[in-house]
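Just so you know, all these numbers are worked out from the coordinates, no wet-lab data involved. These numbers come from a predicted model, not from an experiment. Positions of Cβ are backbone-derived with ideal geometry, glycine not excepted, and every protein chain shown enters the neighbour counts.
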Amino acid sequence: MPHQIPVTKTASRCIAEHVQGSHVFSIFGYSKHRGAGMGEFVRSGAFSVGESEWAIRFYPDGLRENSKGHITVYLELLSKDAKVHASCDLRLVDRSTGLSSSVDITVPMVFNQKDSSRFAPQHDTFKNRSEFEASSYLRNDNLAIECVVTVMREAHVSETRSSPKVDVPPSDITEHLGKLFEAKETADVIFSVGEETFAAHKIVLAMRSPVFKAEFYGSMRETGAQAVPIKDMQPNVFKVLLHFLYTDSLHIIDDLDGNDRSEMIRHLLVAADRYSMERLKLVCQSFLCENLEVQNVATTLDLADQHHCRILKDACIEFISSLNKGKLLWKSICRKSYVWSDHEHTA
């Protein structure tokens, strides 16, 4: 397993700060302002947002030829020699409801008081005049323009900090399930195996084995039984099987040595096939593959064939083929009537 280099994680934040203000410019006697000529305007009183002075310009006849047939409205930066990073939202106030609606929104830009960028928006057609005059924005010859100005301040960057390190312990679910296995008082099923009995939990067994699921919750389920009999299995094998169902490990047989351990694994492989426990079946195959010997390969091959263990079966065949006396061993196997459907061998 490659060595993992510890990674130090740090973090900082950038917060965009801003200040916002709004100004309503009310114009009475709109019709009296009309006809003064293109480029003529009325300007609101100066108002302050973000330590800068601003004003609204209203052109009832438009500013230039390209704005003919429109009214024109601008926000203007008044502060001398100022450069301000800001955005604006120019609105018309509905004279019937008092609510305002956006007509033109300018995204953040740099207003430079020394040139034409002191104005926003950068176009002359604010609102079609005929539509405006027919709307509720003009009532009793009066109108109101609202301008919301947002001035961007210098962004605030936080100090760099190390991310808190939390040591998360390894998963302990198997430990808890192991304790559940030992907690006999919460069990809801009893198994009778030979002269011994074992208490367990139906839901855990059903979760781990489709065969147990069918027995406890499917059409095969038995009701009213005092104990579920388990035939053709030794008590110590069933105990190890239950332990694996709860903990996904075979540590319970770590104290077995040599032939006893191998024999237990063989019985467990049979049990795994019986209860459709594919992971346990693979664990058993792995152990038996690693412990093949001349003395056990024939019986292991027979076990693999009976319980459809292709990996173990192939390992046995390869082991036999690698032996100097492989032909004699094959003859011995054939005399015992072993038949391999998907391999052809010459004795």
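Points to keep in mind about this one:
- The label-point distance for Ser321 and Arg139, in a model that sets each label 7 Å from Cα toward Cβ, rounds to 9.5 nm.
- Relative contact order [Cα under 8 Å, 6+ residues apart], the chain, whole percent: 13
- Point-charge dipole on Cβ atoms (K/R +1, D/E -1) for the chain, about Cα centre, debye to 20: 920
- Across the chain, the longest piece that holds none of the trypsin sites (Lys or Arg not before Pro) lying in DSSP loops with up to 14 other C-beta atoms within 10 Å covers 232-324.
- Compared with the alpha-carbon gap, the fully stretched path from Ser249 to Glu293 is longer by 13.3 nm at 0.36 nm per residue.
- Using a Förster distance of 30 Å, the FRET efficiency for Asp172-Lys239 (Cβ separation, nearest 0.05): 0.85
- ³J(HN,Hα), Karplus 6.51/-1.76/1.60, whole Hz, each residue of segment 117-124, x for Gly, Pro: 6, 6, 9, 8, x, 9, 9, 9
- Karplus-derived 3J(HN,Hα) values for segment 183-196, using 6.51 cos²θ - 1.76 cosθ + 1.60 with θ = phi - 60°, are 7, 4, 5, 9, 5, 10, 8, 10, 10, 10, 10, x, 9, 10 Hz; glycine and proline are entered as x.
- Folded to 0 to 90 degrees: helix 258-274 orientation relative to the chain principal axis, Cα: 60
- Structure-based [θ]222 nm, the chain - -39500 (n - 2.57) summed over DSSP H runs of at least 4, per residue, nearest 500: -9500 deg cm²/dmol
- Here the spin labels are modelled as points 7 Å beyond Cα on the Cα-Cβ line, and at Arg153 and Leu78 they lie 2.4 nm apart.
- With the simple model of a label 7 Å out from the Cα in the direction of the Cβ, Asp260 to Ser101 spans 9.0 nm.
- Measuring against 30 Å, Cα to Cα, the residue pairs Lys9/Lys179; Lys231/Lys281; Lys184/Lys313; Lys32/Lys68; Lys9/Lys83 contain Lys9/Lys179; Lys184/Lys313; Lys9/Lys83 as the ones spanning a longer distance.
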